[in-house]
Every structure is written in C-alpha cells, then in structure tokens.
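The values are calculated or read from the model by the stated rules, or taken from the named source; none is laboratory data. Note that the coordinates shown come from a computational prediction; the quantities given were computed from them, not determined experimentally. Positions of Cβ are generated from backbone atoms using ideal geometry, with glycine treated the same way; all protein chains shown enter the neighbour counts.
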C-alpha cells in the first residue's frame, strides 16, 4: 500500500502549491513564482531551526511555538517580497508574466546556491522535527489546507473574489467599471506568495533538509500542471490536481520501468480529455457540492 | 584588447546555440501562440540521431544496448538526416499534443501542459531504449581540421566556428524562406491573422504542421551540433537548453525571428562578460537581464505588439 | 454540514494511514531470502549514477549469499533524483519489511531520506554519498563511499612528484553540486599545504557544457597544474575544451570522474590525466578479480566504474554481516525491529574483503578503507576507449 501517511503529506503540500498557482490565475494572472516563495519559506524554516538553538527548546521535539514563529516570519518575508516586486511584474501580460516569474525563481535559486549562509549545493540538513512521525505533519498540513480552502471558498463570494473573476474575464472592462485592477492583482499575488511560503515551512521540516533544488523551473511547470489538470475555475480543481499528480508517480510504481512514460501520458491526455480540468463548476453543481460559488445563490455579504 | 575579443567570440558562440534553440520555439509560437515544451526533448533526439548516423554505438544499458547502425555517414549528411528525423518527431508531437486541442479551440495553456507530457514521454522512452550514458560525436567527424585556431589573439575552437557558421547560415536561409517562398509567406500570413489567411485559401492545419516540421528540424540540427562541440549528456540534456532557450525567446520577443537571434547573442555575451570571480552567478545574470528588459519593454526587445493570444 | 464532511475526510485519512509502525514487531520474513531494499536514482538527472549502481547490485545478488546460503531477496525501487521520491521509496521499502536499505544515490537525497530510516531503526548503507555529515545523521547510517578528504591530497602529491616544476595551480569546481563543492575545499587545502595556493578558482555548473569563459579566464593566468572537482560529463567536456584551447600542463581530477563514462566525452584528450580513486579495477585481490570478471562477462568486456563496485560492496557487506549474525543468533527467531538493530551493530563491527579492498567501519558508520589509488588515464589509439593505469 504505497498511500501511506508520508505520501499523503506530500500530496497535501502539492494541493497547497496548486492553490498558490490558482490564486493569481483566478485574477487572470499566469504567475509561476510559487516555487520561489516556497523556497523562501523552506529556507526560513531551515535557517531558524538549525542556526538558532534558542528556538529548539529542551525536549526531544521541536517546540510548536517556534514552528509558528517560522510560519509567521516566512509569511512576512515572502509577503514583503511579493508586494515589492508585484507592482512592476504584474504589469506584464500572459506568457510574459509567466516567463518573468520563472526568471525570478531562477534568480532566487542561483542566489541561494551562492549565498554562504544557505549551505550552498549541499543545503541545510538535520532540521529538527516538531512531530514524532508523519501523522503529525498530516494533521498540520490538513489543517492548513482546510483553512486555505475555506478562505478560498469565502473569497469566491466576496467582492474581492468577484473583482478577481471580472479581471480574469476582461481586464479592460473591469478597469472601465472602476475596479482598482492593480490592487486586486497585487492582492492575489500576495495570497499566492503566503500560501507557498507556508507550504515551504512545513515541507522543510517534513523533508529533514532543504537546498536550492527545492524551488526550480521544473517545480514551476509541475505546479502549473496541478491547476490545469485539476481545473482552474474553482478552488477544488487545483486541490484535486495537486493531490492526484503528486500521488501518481508513486501509485504507478508497480508499472516499473515504464512509470514515468505513463505519467507523461497522463499529463499529455489530461488537458485533451478534460479541457476544463477534472473539477468544473458545472460538475460541482451537478453533484450539489455545498461550497459552490454561483454568486446568484450566495447570500448577500 | 585580446581579452575582450576572446570574450566576444566566447559569447557569440554560446549565443549561437541559444539562438538556434529559440528559433524553433518562436516559429511554433508565431503560428499557434503557444510554447512547445517538448522542444527540448526533440533537440535531445536530434543529438542522438546524429550520433547513431555517424556510426556511434549505444552503450551497455537500455533495451537497445550495443546497437550500432550497419553504415556510417559523413557528419554533414548525418546532421541533415537527424534534422529530418527530429522534424518527424516534432510532427508527431503536434499530432498528439496540439492538434486535438486546436480542433476545440482550447485555452493555449492546455497545450503547454500536454506538450510537457509529450516531452516527459519522449525523454523517458529514450532512456529506456538507450540508457543514461553520455556520448560525444567523435572529433574525427571534423576530418583534418585543427582543434582550435587563433583569431587576432583569441583562441577559438574550430567546432565553435563551425557552429557559428551553421547557425548564421540557418538564420539566413530561414529568413529568405519566410520572406520569399510561397510556404514561408503563407506561414507568416497565418501568424499575422489566421482568419484572413483561411479566407485566402491557406490551409492553416498544413501551416501549423509546416511550422512544427521546420522547428523540429532546427532543434535536431542544434542537438547534433551541440553533440559535436560538447557532448550528449544523457536523455535529460535538452532540458537545460530548453529553459535557457525560453529566456532567450522572451528576451528577443515572442514570435520574432530576428528577436530570437538577437536574444541568443545578448544572453551569450552577457554570460561571457560576467567576471570570472562571479561565474557562480552566470545563470542569474541572464535572467536578471531578462527580468529588467521585460519591465522596460513588456513584449521583449523585438516583440510585435499585436499578439494577444495566451 | 461542512464540518461533517471535513470530519469524514479526517476519518478516511486516519483509516488509510492505519498501517503504522505495528509492522516492526512482526517476525522477520526470510522465506524468499534476506529482505534487502535499495532506492537508487533510476530516473531524473542522476540516472547515469543509478544505472551504474543497479548493475553492481545485480552482480552482488548473483555472487554473494545471505544467511543459510540463500540468495538475497533484493527489492529495488526508483528513488528518482529528488528528495521527495527518495523519501517515498525509503518509506515503501521500510513498510515492505526490508531488514536493511541501500541508497539513496545523491547526498542531498540522503539528508532527506536517511533520518526516516534512523527514526524507524533501519540500517542504511550508503553506496555513493560523499558529503560531510552523512554517517552523523544517526547510529543506523553508514557508508562504503569514502570521502575525498583522504583521496584528493594523494593525487596532488603524485602530480608534484611526477612534475616537480609545477608553480601555478588553477582550480575548477561545480558550485551547484554537493560532491564538487566539498571535494574542492579539500583540494584547495592540499594545494596550499604544498605551497601552491590556487592562482584562480573557477566556478561552473553541473549542467554546463560550454566552459570557454572560465577556461580563457584561467589560462590568462598561465597555470601549469589544473585541478578539477567535477562529474563525468562536465569534467570530460572541460578537459576536452582545455586541451583544444591549448592548455598543455598537468590535469588532476577528483573522484567524481572515476568512471569509464568519461572516455566518450573527452576522447583522446583524456590521455594523461591523473585521477584520485576510491576504487581501482586494477586492484589485484581475489575479491576484485572475481568482481571484474563478473562485470566483464555481463557487460561485454567493459571495465567496471567505481559506483558499480561501491554498490556491489554495499550489498556484500549487508549479506555477509547477516550471515555472520545468523550463525550466532538465528535471524528467523527475531522480530523485524530487533533483527534490524542486531544487523546494524554486526555490520559496523565486521571487516570485509570487497572489490574496494579490505574495509571496515568506525563506530559512527564512516567507512575505513585500506587502499586508495592514484591512476593515470591511458587512451587507446583512436581515442574511443582507455584504462585507468595505477601509479604506485
């Protein structure tokens, strides 16, 4: 049974990264900066927990308040960076934004390799553990994912969410209607950075080690695949896509040598067979999913 | 002065490879408005095809271990045929990953992911067949040419000169073909305005195939040339070039042939001019440059402002 | 309603993960042979190493016997080239009841996966991790791959002995590769100790192919010794470009290039380079003669690379230790947890006649290897194949 607690944690982290790509995409912005913010989260956690003995406490386990501190600090750093670069970068459109954000991820990766305190190519290791085993991580990531999902579901009913939707449909029209499109886009970029940084913090502890390989171009594309595969019209899409595509290579182990060929085949066929992704708002309506977002039925805010 | 010349030559020769790579991306983008993520895999296949056609043997791993073709072709012929082979693979990628989506007029983002899947399949199949060893096209393919020549005090490897010459030739031929021939003009018409092109009786499906074929050919030739000048570093080796090529493509401006060339040369030169003590930052320089250019010119250096796809 | 669904989800997840550490108290299953797990990089960027290691494990499985003279039941999983895949493979193998693990291929992966084995009390023998700090991960972690700290200075000393006139040394290393960065510091220290502080240190990247910028920068300083800490492909390319651009001096390379995979890359230009080896195919001991014979028979006369010999050694060490242990205290009577613990201490206390020569372990799990080698590459005419000729 390859679906053990440890794989489930990786799947939940995949779902979080999927949501991080989804949030700007909701406002029509194809940002692939997620792995960059994820790396910032990971390095923050790895540095704090391995370089500051005061945080490690006296017990066998790494104290949860220290973990909370890492989460807050990582969110602050990632958020500040997102606000700083978001303004100029979000003026770019479509594929140009995508490539500019990939460039950002690569610049961060090279910096992380070259800056002395990040441990260079070997990275940082012996990261202390806040939990006895994977089940602790499972509960933590489940709680974080549930919180982010709940916020996303709320967002879809709020003014801000509708503004994002409007920009996605037609940015020019949205601006003409008096929406502050720059601010809405920046907020969606900020949310994306926060979610990725939080995932990075959990991931660094879970992986026991952190290095510059963790936030790369490959990750940019894989996380985008989560969203396209799962569906980009509702928050449940990237969650399902992240869970499924993270688990897939592991579930395919019985296939043996052809494992990654089959994985490639699934990625190839996914968009062709499900152009809207696996999860669409129509599907949810048919299944009478309680979080559905049709604004007509939503109670007035 | 010698030193500066040396840096310029180094930069231009690595820029030539980037440019060849980006040209293939740009042809497909100009017609479909999509980036073909399987392009790096096609490039890799071109390198392996060239290696096999000049009589190279597959290593000790993989299903085809020890395979060697019963004939040996001279390098120029092998390179051309490898380009044709790569073009065929590129057409296959188009048929599998792009055509079904195009028929439905789907979001270009989908083709990006399905072509990524096609690339994953190609690379992993290649590994199953030939293993993960590295190869290089023997220097004897160059005949009796000297290993390096001196140009006004700068030392240049002969293979690099050859590579620059072929890259220049490719750009000239490609430009002439696009500007002068019926096929090239039709391709440009489709890129400018698919609807009008259809009204003029141009079969846009055929044009897309043409773009993929030419793009695959360019990738295959680039792969073979890199295999000669450096090596074929296993089935994954096109991926690094793919990422760099993407940066080059955007720097020059999506869909622009001169842009791809300019972008390639600029990135090559910028990397060459990084002081030796900071060579660890080389990759970041290319992307920092790209980042800065995008902020100043949101459509790249020579990008056309009319593209609204994606 | 939302709350109810969320609770259901939690219950489902809890049910899925129900199969916890309870498996450890089950008896050790020896029915198919000694259950050993291996996680190697069969896919991803490191696949070329995993491929060499896989052959080593296969050969060891054919030739060494576990407890009771039965062959080892080896389960090989793809550890990918990333940390997540290695972690998953380790979990899978541990749950599958492996008594000991071999792998993962890369040091960075080891820093992620080894702590899991350590917490579960499963012995790990690393066949290729050379970064500092691997055995220190915990009491259950050991390695048969010697660090360059011993090997690298030997080759510098040899170069200076052969070419006493050397005055100016230049150093190259891949700054994004864990092996290269740790080995180059050792090389640089060894050079300084000999009164030759490097005139330049050039950084490259693992996936770089074109090194003309770094080479021309270095050659302007007129070095007569160039020391490389690189892997097979980037190192082979760099050597070829060095020679083509006119460098005629001495080249010393580190342990990462100790593989015949360099021949097709630098071709005739490989000739004459000095290399520090943790394994020499020319070592004349019964264990190595037998290993080389088996490799040649399986691979059409080819010479085995270091990674293959080290992977072979890892499985040999595990099965010999298990056999010794079994004679003293039958393994079949132990539960999995105590069998793993007993095997670990047995493993660390033994000495082994391997293709690498005689080896043992420190209490920490660091390999203690008797012989290291300095070899010179001699290419056959035509520059397609060659050999690592031992220098003594």
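Here's the yes/no breakdown for (1) crowded, with 24+ Cβ neighbours inside 10 Å; (2) in contact with a helix residue (DSSP H, G or I) (Cβ under 9 Å, 6 or more places away or on another chain); (3) modelled with pLDDT of 95 or more:
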{"residue": "C:291", "(1), (2), (3)": "yes, yes, yes"}
{"residue": "C:298", "(1), (2), (3)": "no, yes, no"}
{"residue": "C:304", "(1), (2), (3)": "yes, yes, no"}
{"residue": "C:309", "(1), (2), (3)": "yes, yes, yes"}
{"residue": "C:313", "(1), (2), (3)": "yes, yes, yes"}
{"residue": "C:317", "(1), (2), (3)": "yes, yes, yes"}
{"residue": "C:335", "(1), (2), (3)": "no, yes, no"}
{"residue": "C:348", "(1), (2), (3)": "no, yes, yes"}
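From A:275, A:254, A:301, grab the single residue that is modelled with pLDDT of 85 or more, in a loop (DSSP other than H, G, I, E, B) and either within 13 Å of chain B (Cβ to nearest Cβ) or surrounded by fewer than 17 Cβ atoms within 10 Å (Cβ to Cβ) (or both).
A:275
Every residue in region A:67-93 that is in contact with a helix residue (DSSP H, G or I) (Cβ under 9 Å, 6 or more places away or on another chain), within 14 Å of another protein chain (Cβ to nearest Cβ) and either part of a helix (DSSP H, G or I) or crowded, with 17+ Cβ neighbours inside 10 Å (or both), please.
Answer for region A:67-93, where residues must be in contact with a helix residue (DSSP H, G or I) (Cβ under 9 Å, 6 or more places away or on another chain), within 14 Å of another protein chain (Cβ to nearest Cβ) and either part of a helix (DSSP H, G or I) or crowded, with 17+ Cβ neighbours inside 10 Å (or both): A:81, A:85, A:86, A:87, A:88, A:89, A:90, A:92, A:93.
Would you confirm, using the coordinates I've provided, whether residue B:69 is closer than 18 Å to residue B:135 by Cα and surrounded by fewer than 17 Cβ atoms within 10 Å (Cβ to Cβ)?
yes
Within region A:107-144, which residues are more than 24 Å from residue B:289 (Cα to Cα) and without any contact (Cβ under 8 Å) to a residue 40 or more places away in the chain?
Listed by number, the residues that qualify are A:136, A:139, A:143.
Restricting to region C:229-240, give me the number of residues that are touching a strand residue (DSSP E or B) at 6+ places or on another chain (Cβ under 8 Å), over 23 Å from residue B:158 (Cβ atoms) and not in a loop (DSSP other than H, G, I, E, B).
Looking only at that region, the number is 1.
Which residues, taken from region C:268-294, are closer than 24 Å to residue C:46 by Cβ, in a helix (DSSP H, G or I) and out of contact with any strand residue (DSSP E or B) (no Cβ under 7 Å at 6 or more places or on another chain)?
Passing the criteria: only C:291.
Answer yes if at least one residue in region C:305-323 is more than 30 Å from residue C:29 (Cα to Cα) and either assigned to a strand (DSSP E or B) or in contact (Cβ under 8 Å) with a residue 60 or more places away in the chain (or both), and no otherwise.
yes
Which of the residues that make up region C:63-98 are touching a strand residue (DSSP E or B) at 6+ places or on another chain (Cβ under 8 Å), assigned to a helix (DSSP H, G or I) and either within 14 Å of chain B (Cβ to nearest Cβ) or closer than 24 Å to residue C:305 by Cβ (or both)?
Residues satisfying the conditions are C:85, C:86, C:89.
So which of B:117, B:46, B:40 is surrounded by 24 or more Cβ atoms within 10 Å (Cβ to Cβ), within 12 Å of chain A (Cβ to nearest Cβ), under 17 Å from residue B:232 (Cα atoms) and out of contact with any strand residue (DSSP E or B) (no Cβ under 9 Å at 6 or more places or on another chain)?
After ruling out the rest, the residue left standing is B:40.
Tally time: how many residues in region A:197-220 are within 14 Å of chain C (Cβ to nearest Cβ) and either outside any helix (DSSP H, G or I) or within 29 Å of residue A:268 (Cα to Cα) (or both)?
15
Any idea which residue in region C:142-176 is surrounded by the fewest Cβ atoms within 10 Å (Cβ to Cβ), counting only those that are in contact with a strand residue (DSSP E or B) (Cβ under 6 Å, 6 or more places away or on another chain) and under 20 Å from residue C:215 (Cα atoms)?
The residue in question is C:166.
Consider residue B:268 carefully, then state whether it is within 11 Å of chain C (Cβ to nearest Cβ), buried (at least 24 other Cβ atoms within 10 Å of the Cβ) and assigned to a helix (DSSP H, G or I).
Judged against the criteria, residue B:268 is a match.
Looking at this structure, is residue B:246 within 22 Å of residue B:112 (Cβ to Cβ) and either away from chain C (no Cβ under 14 Å) or in a loop (DSSP other than H, G, I, E, B) (or both)?
Here the answer is yes, as residue B:246 does meet what is asked.
Working carefully through the options A:265, A:194, A:248, find the one that is assigned to a helix (DSSP H, G or I) and at the interface with another protein chain (Cβ under 10 Å from one of its Cβ atoms).
Selected residue: A:265, the only one of A:265, A:194, A:248 that is assigned to a helix (DSSP H, G or I) and at the interface with another protein chain (Cβ under 10 Å from one of its Cβ atoms).
So for region C:104-112 (the condition being more than 9 Å from every other protein chain (Cβ to nearest Cβ), farther than 25 Å from residue A:124 by Cα and in contact (Cβ under 8 Å) with a residue 40 or more places away in the chain), does at least one residue qualify?
no
Among the residues of region B:132-190, count how many are facing another protein chain (nearest Cβ under 10 Å), assigned to a helix (DSSP H, G or I) and touching a strand residue (DSSP E or B) at 6+ places or on another chain (Cβ under 8 Å).
1
Residue by residue through region C:208-241, note down the ones that are more than 19 Å from residue C:260 (Cα to Cα), within 11 Å of chain B (Cβ to nearest Cβ) and within 27 Å of the chain's Cα centre (by Cα).
C:208, C:210, C:211
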